[in-house]
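One structure below.
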Protein chains: 2
Amino acid sequence: MKKDNRTKILSVALKLLNEQDSQSVTTNHIAEAAGVSTGNLYYHFKNKEEIIRELYGQMRDEIGFESQPLPETLCEMQSYCDYVAKVWWKYRFLRRELHFLMTRDDLFAKDVIKDVRLQREKMILLLLHLRDKGYIELAYDNMLNNIVDTMMLYSHFWTPYLYIIGEDIDVSKAQMVAQRIEEVLRPFLTKKAKTELAKCQ
Amino acid sequence: MKKDNRTKILSVALKLLNEQDSQSVTTNHIAEAAGVSTGNLYYHFKNKEEIIRELYGQMRDEIGFESQPLPETLCEMQSYCDYVAKVWWKYRFLRRELHFLMTRDDLFAKDVIKDVRLQREKMILLLLHLRDKGYIELAYDNMLNNIVDTMMLYSHFWTPYLYIIGEDIDVSKAQMVAQRIEEVLRPFLTKKAKTELAKCQ
């Protein structure tokens with residue numbers, strides 16, 4: 001029963017945080033919407049920050065960035081990108097408010113920075129891997145870092161970007177990020193890569 | 001004298017907002033640091049939001065995005081990018097907290113969205129202009145929109161990106177954005193463009 005309440009609190013918190021901004025959502029709101037007492041909420045979580053860190057951890061586990069092996073084919077890479085975009089949408093308040101939440105919670109900021117750096121390293125490995133497999137050509141120095149940073153910008157700031165240009169953000173627009181990341185790579189793709197990509201589902 | 005206080009309040013507010021986060025800076029802090037009474041601050045500005053909107057307007061005027069004619073040469077474009085990066089650094093809290101500030105003030109959000117859309121349109125015109133002058137080649141459909149969105153991502157989220165990867169941000173790192181935007185264009189540059197760029201200061 002204790003465990004059920006914990007799960008319920010997290011799922012209700014995610015819903016509220018996605019709908020509103022994190023400043024407007026209080027632990028009282030979360031407890032009320034989850035149908036538990038505030039005392040019960042505090043039995044499970046020290047404060048709102050701890051709930052947010054827990055949701056971040058869930059997202060992290062669902063993406064499995066650390067454990068994920070490098071894709072063997074471009075189609076595999078494409079479907080992994082689609083999958084990640086879906087998980088990001090599920091936890092969209094974390095995309096939208098990442099920077100702000102980091103300034104409010106040092107522990108959270110530390111976790112995020114560690115993960116983002118790890119993600120960047122993995123993306124560098126991925127590009128080297130794609131180059132070794134003959135999928136991309138890197139013609140000049142620093143190109144690798146530039147491409148990776150561009151992909152990272154898309155992965156972290158695509159929905160905030162849609163927000164600042166005043167677009168209504170829905171799941172289909174959010175998922176366009178996978179296609180955009182592919183576009184970043186396009187100028188560097190070899191003929192072999194283009195042929196293979198055209199055959200993906 | 002009234003005008004002097006107004007200017008002083010704005011310049012002190014900019015300093016404090018750049019140093020701390022906007023939630024920690026209150027009108028009381030600003031008045032105290034500017035050496036004016038809180039009453040005097042409220043004589044000039046209704047609230048902190050109005051001060052922020054005013055600083056945003058100053059940045060906007062300094063960039064002169066609306067009035068700026070399209071650059072005639074690539075070197076002109078390069079030095080304009082450098083200039084804009086300098087202005088952004090001066091008002092860096094606006095880069096860092098743009099999204100959050102928009103959620104706190106609808107008037108501000110409206111202004112920003114209008115400007116960002118205008119900037120996007122101008123960038124499309126710029127790329128078409130560069131293509132017509134034989135500086136870039138756009139090989140497939142949608143390429144234009146993708147490049148512009150990538151440049152916009154760099155222009156708005158480069159410093160937030162440095163923040164989430166845990167880099168200490170200083171003026172030189174912030175100004176690297178001009179060079180990164182050039183890198184985005186590089187795969188599409190013609191020989192003519194590359195020759196001309198190599199000759200810029």
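The values are calculated or read from the model by the stated rules, or taken from the named source; none is laboratory data. Nothing here was measured: the structure is a model prediction, and the numbers come from that model. In this analysis, Cβ positions are derived from the backbone assuming ideal geometry, glycine residues included, and neighbour counts consider all displayed protein chains. Just the protein is used for accessible areas: all its heavy atoms, side chains included, with ligands, DNA and RNA removed. Shrake-Rupley method; radii C 1.70, N 1.55, O 1.52, S 1.80 Å.
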Discussion item. Tell me whether region B:130-153 contains one or more residues that are touching a helix residue (DSSP H, G or I) at 6+ places or on another chain (Cβ under 8 Å), touching a residue at least 60 places away in the same chain (Cβ under 8 Å) and of a type in the set (Gly, Ala, Ser).
Written reply: no
Item to complete: Please indicate, with yes or no, whether at least one residue in region A:68-80 is in the same structural domain as A:Thr159 (by TED's automatic domain parsing), in contact (Cβ under 8 Å) with a residue 40 or more places away in the chain, acidic (Asp, Glu) and in a helix (DSSP H, G or I).
Response: no
Worksheet, complete the sentence: Of those in region A:39-72 that are within 19 Å of A:Leu125 (Cα to Cα) and in contact with a Lys or Arg (Cβ under 9 Å, 6 or more places away or on another chain), the residue surrounded by the most Cβ atoms within 10 Å (Cβ to Cβ) is A:Phe65
Worksheet entry | Among the candidates B:Leu101, B:Leu94, B:Leu126, residue that is more than 12 Å from chain A (Cβ to nearest Cβ) and in contact (Cβ under 8 Å) with a residue 12 or more places away in the chain | B:Leu126
Worksheet item: For B:Ile136, all conditions in the list (1) more than 8 Å from chain A (Cβ to nearest Cβ); (2) open to solvent by 10 Å² or more (accessible area, probe 1.4 Å) hold save one; what is the number of the exception?
Response: (2)
Discussion item. Among the numbered criteria (1) over 21 Å from A:Lys90 (Cβ atoms); (2) of a type in the set (D, E, K, R); (3) within 20 Å of the chain's Cα centre (by Cα), which one does A:Asp21 miss?
Written reply: (1)
Worksheet item: Looking at (1) open to solvent by less than 30 Å² (accessible area, probe 1.4 Å); (2) among the hydrophobic types (A, V, I, L, M, F, W, C); (3) in the same structural domain as B:Asn146 (by TED's automatic domain parsing), can you tell me which one B:Leu128 breaks?
Response: (1)
Item to complete: Give the residue, chosen from B:Ser67, B:Ser37, that is modelled with pLDDT under 95 and of a type in the set (S, T, N, Q).
Response: B:Ser67
Practice prompt. Would you confirm whether any residue within region A:6-29 is open to solvent by less than 60 Å² (accessible area, probe 1.4 Å) and among the acidic types (Asp, Glu)?
Written response: yes
Worksheet, complete the sentence: Of (1) open to solvent by 50 Å² or more (accessible area, probe 1.4 Å); (2) of a type outside the set (Ser, Thr, Tyr); (3) under 20 Å from the mean Cα position of the chain (by Cα), A:Met102 satisfies every one except (1)
Fill in: Residues satisfying the stated conditions in region A:147-188, i.e. more than 9 Å from chain B (Cβ to nearest Cβ) and among the small types (Gly, Ala, Ser)
A:Ser155, A:Ser172, A:Ala174, A:Ala178
